[in-house]
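Asker: This is the structure, below, for whatever I ask next.
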Amino acid sequence: MGLFEKLKQGLSKTRKTLAENTAALFSGRAIDETLLEELEELLIMADIGPQAAASITGALREKVKKGEIPNARELKTALKTEIKKILKQGNNIICAGEKPYVVLVVGVNGVGKTTTIGKLARRFTDNGFSVTLAAGDTFRAAAIEQLEIWANRAGAQIVKHRSNADPAAVAFDAVASARSKNVDAVIIDTAGRLHTKANLMEELKKISRVVSREMPSAPHEVLLVVDATSGQNAIHQAKIFNEAVGVTGIALTKLDGTAKGGIVLAINKELGIPVKLIGIGEAVDDLQDFNADEFVEALFE
Ligand SMILES: Nc1nc2c(ncn2[C@@H]2O[C@H](COP(=O)(O)OP(=O)(O)OP(=O)(O)O)[C@@H](O)[C@H]2O)c(=O)[nH]1
Ligand SMILES: [Mg+2]
């Protein structure tokens, strides 16, 4: 299966709601205010968020007024164009610059941080880069074991301490070890934490601080992992993690399990943080770079 087919399959639930409902909406009806209102509702149901939905339908309304959208087919094209305008294309995550390239991975419980790290590590090693994983989730012994399994799968090294150790110390050691061995990338796993727990957010700040003590330019990427099925709560999470550690990109996971993949737009519109990676399954190759054009095409095809 090609990558685009895989993306389409992963997005099938969102696609079903969006494509089928818009098809029904667009077929043979006059493009009037009622239709635009129904469209706005439909976009909100796909979790595109009220702000993005209003801005999209607002832009379409203007075009309709100017006579630029003569028929339903043109409306679909115009809708895709407006969605693409909202989606920010971030840079892809690649190992570049001073070694090692340090990625700090954060997020609430169970969103897919460790899985995403495993997939990303594998992608790096497949491209010929060496990788060190930092077992910064010291909260549970099982978390360290889970990361070890992914390290083996990806051909990456792992730096770990015993459970309950200070995660900042693990991260520091991983970066120091990678520097001394000239390793290309370090990916730091962290324990899932509720964004509402201030002390746990402080712990994240400390990890970031300690890493930059060892390497001033690091972390080069702070990746917030967000579960696409969490809906509008994702916006709230992103806001608070961003305030704490300065999120540079979002990995949106479990897009294969939700009918509400529109959350990508809400995140872009309301926070301006680019979605860089998307997870469309549990397997090692179910990770893709986010590509705005492809994403929109896959949603409506
Ligand atoms: N369907 C699907 N499942 C995923 C995806 N990414 C992760 N998962 C699953 O989500 C579950 C949790 O994944 P983890 O990687 O352990 O999540 P985590 O954020 O590290 O969890 P904690 O460390 O406990 O906070 C696992 O069963 C994964 O297989 C995805 O893109 N699609
Ligand atoms: Mg984990």
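The values are calculated or read from the model by the stated rules, or taken from the named source; none is laboratory data. The structure displayed is predicted, hence computed values, not measured ones. For neighbour counting, all protein chains shown are included, and Cβ atoms are generated from backbone atoms with ideal geometry for every residue, glycine included. Calculation scope for accessible area: heavy atoms of the full protein, side chains included, ligands and nucleic acids excluded. Shrake-Rupley method; radii C 1.70, N 1.55, O 1.52, S 1.80 Å.
Asker: Could you tell me whether segment 278-288 includes any residue that is under 14 Å from Val111 (Cα atoms), at pLDDT 90 or above, surrounded by fewer than 21 Cβ atoms within 10 Å (Cβ to Cβ) and within 16 Å of ligand 1 (Cβ to nearest atom)?
Answerer: Yes: one or more hits.
Asker: Can you go through Phe139, Phe129 and tell me which one is open to solvent by 20 Å² or more (accessible area, probe 1.4 Å), at negative phi, among the aromatic types (Phe, Trp, Tyr) and within 16 Å of ligand 1 (Cβ to nearest atom)?
Answerer: Values: Phe129 fails: within 16 Å of ligand 1 (Cβ to nearest atom).
None of the other options fit; the residue is Phe139.
Asker: Exactly one of these conditions fails for Asp173: (1) of a type in the set (D, E, K, R); (2) closer than 17 Å to Leu204 by Cα; (3) within 14 Å of ligand 1 (Cβ to nearest atom). Give me its number.
Answerer: (3) is the only condition that Asp173 fails.
Asker: Out of Ser212, Ser217, Ser180, report the one residue that is open to solvent by 70 Å² or more (accessible area, probe 1.4 Å), more than 15 Å from ligand 1 (Cβ to nearest atom) and of a type in the set (Gly, Ala, Ser). Please lay out each step first, then the result.
Answerer: Values: Ser212 fails: open to solvent by 70 Å² or more (accessible area, probe 1.4 Å); Ser217 fails: open to solvent by 70 Å² or more (accessible area, probe 1.4 Å).
Answer to the check: Ser180.
Asker: Any residue that is assigned to a loop (DSSP other than H, G, I, E, B), modelled with pLDDT under 95 and of a type outside the set (S, T, N, Q) - is there at least one of those in segment 137-148? I'd like the intermediate steps shown before the answer.
Answerer: So in segment 137-148, the residues assigned to a loop (DSSP other than H, G, I, E, B) come out as 137-140.
From what's left, modelled with pLDDT under 95: 139-140.
Within this subset, residues satisfying the condition of being of a type outside the set (S, T, N, Q) are 139-140.
Yes: segment 137-148 contains one or more residues that are assigned to a loop (DSSP other than H, G, I, E, B), modelled with pLDDT under 95 and of a type outside the set (S, T, N, Q).
Asker: Looking at segment 241-267, I want the residues that are in contact (Cβ under 8 Å) with a residue 24 or more places away in the chain and have a partner that is assigned to a helix (DSSP H, G or I) and within 16 Å of ligand 2 (Cβ to nearest atom) with Cβ atoms under 6 Å, at least 6 apart or on another chain. Which pairs are those?
Answerer: Ala244/Leu204; Val245/Leu204; Val247/Phe241; Ala251/Thr116
Asker: Counting only residues that are under 12 Å from the mean Cα position of the chain (by Cα) and more than 7 Å from ligand 1 (Cβ to nearest atom), how many does segment 101-116 have? Please lay out each step first, then the result.
Answerer: Step one: filter segment 101-116 for residues under 12 Å from the mean Cα position of the chain (by Cα), giving 105-107, 111-113, 116.
If we keep only those that are more than 7 Å from ligand 1 (Cβ to nearest atom) as well, we get 105-106.
Final tally of qualifying residues: 2.
Asker: Continuing with the same structure: Taking Val170, is it touching a helix residue (DSSP H, G or I) at 6+ places or on another chain (Cβ under 6 Å) and open to solvent by less than 60 Å² (accessible area, probe 1.4 Å)? Show your work before the answer.
Answerer: On the way: touching a helix residue (DSSP H, G or I) at 6+ places or on another chain (Cβ under 6 Å): no; open to solvent by less than 60 Å² (accessible area, probe 1.4 Å): yes.
Here the answer is no, as Val170 does not meet what is asked.
Asker: Further question on the same structure: Looking at this structure, is Thr196 of a type in the set (Ser, Thr, Tyr), in a helix (DSSP H, G or I), open to solvent by 40 Å² or more (accessible area, probe 1.4 Å) and at pLDDT below 95? Can you show your working first?
Answerer: Working: of a type in the set (Ser, Thr, Tyr): yes; in a helix (DSSP H, G or I): no; open to solvent by 40 Å² or more (accessible area, probe 1.4 Å): yes; at pLDDT below 95: yes.
No, not satisfied.
Residue-by-condition table, conditions (1) within 28 Å of Thr229 (Cβ to Cβ); (2) more than 16 Å from ligand 2 (Cβ to nearest atom):
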| site | (1), (2) |
| --- | --- |
| Asn71 | no, yes |
| Ile93 | yes, yes |
| Gly110 | yes, no |
| Arg123 | yes, yes |
| Asn127 | no, yes |
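Asker: Against the definition (closer than 18 Å to Asp137 by Cα, of a type in the set (A, V, I, L, M) and within 16 Å of ligand 2 (Cβ to nearest atom)), how does Leu287 come out, yes or no? Before you say what the answer is, go through the steps one by one.
Answerer: Working: closer than 18 Å to Asp137 by Cα: no; of a type in the set (A, V, I, L, M): yes; within 16 Å of ligand 2 (Cβ to nearest atom): yes.
Against the criterion (closer than 18 Å to Asp137 by Cα, of a type in the set (A, V, I, L, M) and within 16 Å of ligand 2 (Cβ to nearest atom)), Leu287 does not qualify.
Asker: On to the next question. At least 3 residues that are modelled with pLDDT of 95 or more in each: list the helices (runs of 4 or more DSSP H) lying fully within segment 14-109 that qualify.
Answerer: Correct list: 50-65.
Asker: Collect the residues in segment 235-263 that are more than 17 Å from Val296 (Cβ to Cβ), open to solvent by 20 Å² or more (accessible area, probe 1.4 Å) and within 14 Å of ligand 1 (Cβ to nearest atom), keeping them in residue-number order.
Answerer: Lys254, Asp256, Gly257 - these are the residues of segment 235-263 that are more than 17 Å from Val296 (Cβ to Cβ), open to solvent by 20 Å² or more (accessible area, probe 1.4 Å) and within 14 Å of ligand 1 (Cβ to nearest atom).
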